[in-house]
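Derivation of every value follows stated rules applied to the coordinates shown; laboratory data play no part. Remember, it's a predicted structure, so these values are computed and weren't measured experimentally. Every residue, glycine among them, receives a Cβ derived from its backbone with ideal geometry; neighbour counts consider all protein chains shown.
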Amino acid sequence: MKHSNHHADSLHKQKAAEAVCGRREERDSEYRKRILTSAQSLFEKHGIEEVTMYQIAKEAGVGQGTLYRRYPHIGEVCSDLLRSGTAEFLDSLDSSLADADPQKAALSQLSQIIIRIIDFIDDKAPLLAGIKSMYTDKKRTSIHQKPIYVRLHSVLETLINSAVSQGEIQPIDVTLTVNTILSSLSPEQYLYHREVLGYSKQRFTEGICRLFVKGL
């Protein structure tokens, strides 16, 4: 009987602990949604560089301690905002490659992929640049080692190798070519051309495609 009571007590404690954990996860999820929604709204109104962690906490209705436990600085907030959208974008690129007509010219696909990458960068450039600026004093990782660029490298490498095998272009150094394309498509490059030199997205896109599609 004692053993039975002990077992029942243990199960009760386990269920109670699981309930507490479940409530904590639900609360954390709610805090995350409020913080990210508030941050996105503030970024759109004022620009990332003008928003402080204090403003985000106040807008979200959470304590600064609660905010800082989840996000040490605004760069982490930007990273979380980008994470799900970036994953969906990369998955869509992979799917477009998998579903593409095998008879379709690889260079034509390359051009379309570059256009989609630039569209994504145009939409997300402030967040991407904000993330980079927050990490300037920390250990720096090469752009080519970042997960998004590793995925993009795989997509572009596949298309350029296909262009070579199909006879559209002569054999080239694929790794160097892809790395150069990705460097040219960095948020900093795009924002410099758009905001400092006055390039439109169309002009920038046409220039990149001229260099790295027609130029191949």
(request) Report Rg/Rh for the range 140-201, rounded to two decimals, where Rg is the Cα radius of gyration and Rh the Kirkwood radius. (result) 1.07
(message) Run the paramagnetic zone check for residue 96: 7 angstrom along Cα to Cβ, then residues of the range 153-172 with backbone nitrogen under 20 Å.
(response) 153-164
(message) Using the basic label-point model (7 angstrom from Cα toward the beta carbon), what is the residue 169 to residue 44 distance in nanometres?
(response) 3.8
(request) For the pairs 124/146; 146/201; 104/146; 124/214; 104/214, note any where the Cα-Cα span goes beyond 19 Å. (result) 146/201; 104/146; 124/214
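Between residue 157 and residue 201, what is the FRET efficiency for a Förster distance of 30 Å, r being their Cβ-Cβ separation, to the nearest 0.05?
Efficiency for this residue pair is about 0.75.
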(request) Please label the shape of the range 75-216 as rounded, prolate or oblate, based on the square roots a ≥ b ≥ c of the eigenvalues of the alpha-carbon gyration tensor (a/c under 1.5 means rounded; beyond that, a/b larger than b/c means prolate, else oblate). (result) prolate
